[in-house]
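> The structure under discussion is supplied below as structure tokens; questions concerning it will follow.
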Amino acid sequence: MIAVVALVAGLIAGRFLDLTAPDWLDPYLPIAVVAALDAVFGGLRARLDDVFSDRVFVVSFISNVVVAVLIVFLGDRLGVGSQLSTAVVVVLGIRIFSNAAAIRRRLFGA
Amino acid sequence: MSEVASPTGDGSARRRAWALLWHPRGWRAELLVAVLTALLGLGLAVTVRTQSGPSGLALARQDDLVRILADLSTRNQRLQQELTGLQDTAQRLRDDAGGDIALQEARDRAAQLGILAGTLGAQGPGVVVRIADPAGVVRADVLLDAIEELRDAGAEAIDLSGVRVVTSTSLIDRDDGVVVDGHRLAAPYELRAIGDGPTLQKALDIPGGVTDAVTAAGNGAAASISVESRIVITSLHRADAFHYAQPTP
């Protein structure tokens with residue numbers, strides 16, 4: 001519950017505060033956001049399965065973001081940045097979809 | 001991914017899931033989760049705002065930027081070439097528009113050719129040759145000699161009794177005179193030629209020349225030549241369209 005409130009608060013803050021990501025972070029921010037979304041959906045699903053652990057959530061959230069950004073950063077250095085970022089987005093997208101499907105099943109039984 | 005078999009249609013399982021969703025789990029866990037989700041919301045908002053900003057360039061990766069730059073350079077080059085070509089054309093057109101001299105030359109040339117072809121009237125100094133022939137002894141060959149002599153002496157436009165004499169002019173003998181380009185002419189004949197008067201007169205007056213030939217024909221035939229400072233030739237030769245000859249470029 002608090003998580004939802006925090007999410008909305010973060011959205012509002014980002015919307016109305018004139019925050020700009022530092023230049024070096026600009027290309028990686030979208031990937032980081034997608035990775036964090038994946039972590040949040042995973043956490044939600046774990047909660048519904050009653051196996052939620054805040055420690056696991058925090059670690060998975062941070063590691064997800066770091067690994068995703070790292071992969072894309074590495075891809076940039078290797079000259080395959082756009083391809084690798086596409087790969088990361090595809091993989092995370094699939095995970096988000098499957099997690100969302102599981103959540104839907106728990107909550108609505110369908 | 002451990003997929004738990006979904007309890008479809010099981011109302012209690014669903015209620016349990018909703019309960020788990022709202023059930024608080026200690027403030028420390030909630031706080032951590034809240035911080036991270038707030039961060040996610042912040043990131044989402046900032047990303048969305050950056051992406052919908054003035055241009056997506058700020059978010060583009062280095063190699064994308066290089067590609068975009070290369071595309072733009074290529075495009076710039078192409079447009080530059082186009083600009084150069086158009087400037088060349090504009091310069092040419094401007095030069096041409098300023099080329100009144102060329103136009104004037106073309107007009108002069110057209111006038112020259114018109115006089116030569118007999119399609120334009122002409123005026124200038126020259127001579128008038130009157131050939132009296134009461135007995136009808138002056139034949140076409142004598143007139144042709146006179147015309148040829150005038151041409152050799154530099155006559156630029158010739159008129160024979162109101163008929164413009166050009167390169168294709170024909171002279172045919174008839175009993176009562178001469179047919180010139182289809183026009184029946186009778187004595188006395190009047191040749192009007194534009195050119196250098198004294199030269200033309202000398203050319204006709206040379207011993208054994210035209211004047212002598214007319215006089216030699218006898219029977220009162222005589223040629224009188226007068227040099228005039230201004231002769232106007234208004235007779236025209238109708239130029240037929242060419243059927244076969246085309247100008248070479």
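> Looking at A:48, A:92, which is the one that is under 23 Å from residue B:19 (Cβ atoms), crowded, with 20+ Cβ neighbours inside 10 Å and touching a Leu at 6+ places or on another chain (Cβ under 8 Å)? Show your work before the answer.
Values: A:92 fails: under 23 Å from residue B:19 (Cβ atoms).
Being under 23 Å from residue B:19 (Cβ atoms), crowded, with 20+ Cβ neighbours inside 10 Å and touching a Leu at 6+ places or on another chain (Cβ under 8 Å) holds for just one of A:48, A:92, which is A:48.
> Do you know which residues across the stretch A:9-18 are exposed (fewer than 13 other Cβ atoms within 10 Å of the Cβ) and either within 7 Å of chain B (Cβ to nearest Cβ) or part of a helix (DSSP H, G or I) (or both)?
Once the filter is applied, which keeps residues that are exposed (fewer than 13 other Cβ atoms within 10 Å of the Cβ) and either within 7 Å of chain B (Cβ to nearest Cβ) or part of a helix (DSSP H, G or I) (or both), the stretch A:9-18 yields only A:16.
> From the list B:36, B:32, B:59, which one is at pLDDT below 85, closer than 27 Å to residue A:57 by Cβ and within 7 Å of another protein chain (Cβ to nearest Cβ)? Write out each step before concluding.
On the way: B:36 fails: at pLDDT below 85; B:59 fails: closer than 27 Å to residue A:57 by Cβ.
Step by step, each of B:36, B:32, B:59 is checked, and only B:32 is at pLDDT below 85, closer than 27 Å to residue A:57 by Cβ and within 7 Å of another protein chain (Cβ to nearest Cβ).
> Just to be sure, is residue A:73 closer than 20 Å to residue B:26 by Cα and aromatic (Phe, Trp, Tyr)?
On the way: closer than 20 Å to residue B:26 by Cα: no; aromatic (Phe, Trp, Tyr): yes.
So residue A:73 does not fit the description; no.
Results for (1) of a type in the set (Gly, Ala, Ser); (2) surrounded by fewer than 10 Cβ atoms within 10 Å (Cβ to Cβ); (3) at pLDDT 85 or above, shown as yes or no for each residue.
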| residue | (1), (2), (3) |
| --- | --- |
| B:10 | no, no, no |
| B:27 | no, no, no |
| B:77 | no, no, yes |
| B:85 | yes, no, yes |
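> Given the structure, is residue B:228 modelled with pLDDT of 85 or more, in contact with a helix residue (DSSP H, G or I) (Cβ under 9 Å, 6 or more places away or on another chain) and charged (D, E, K, R)?
On the way: modelled with pLDDT of 85 or more: yes; in contact with a helix residue (DSSP H, G or I) (Cβ under 9 Å, 6 or more places away or on another chain): yes; charged (D, E, K, R): yes.
Answer is yes for this residue.
> So if I check each of B:203, B:140, which one is buried (at least 21 other Cβ atoms within 10 Å of the Cβ), farther than 16 Å from residue B:117 by Cα, of a type in the set (Gly, Ala, Ser) and without any contact (Cβ under 8 Å) to a residue 60 or more places away in the chain? Reasoning before the result, please.
Working: B:140 fails: buried (at least 21 other Cβ atoms within 10 Å of the Cβ).
Residue meeting the stated conditions: B:203.
> Related question: For the stretch A:19-110, list the helices (runs of 4 or more DSSP H) that sit wholly inside it and hold at least 3 residues that are touching a residue at least 12 places away in the same chain (Cβ under 8 Å), over 21 Å from residue B:64 (Cα atoms) and at the interface with chain B (Cβ under 7 Å from one of its Cβ atoms); which are they? Step through it out loud before you land on a result.
Details: elements: A:29-48, A:54-78, A:81-108.
Fully inside the stretch A:19-110 and qualifying: A:29-48, A:81-108.
> Within the stretch B:90-102, count every residue that is modelled with pLDDT of 80 or more and either of a type in the set (Val, Ile, Thr) or surrounded by 11 or more Cβ atoms within 10 Å (Cβ to Cβ) (or both).
0
The values are calculated or read from the model by the stated rules, or taken from the named source; none is laboratory data. All values reported here derive from a predicted model rather than from experimental measurement. A quick note on method: Cβ atoms are made from the backbone with ideal geometry, for glycine too, and the neighbour counts reach across all protein chains shown.
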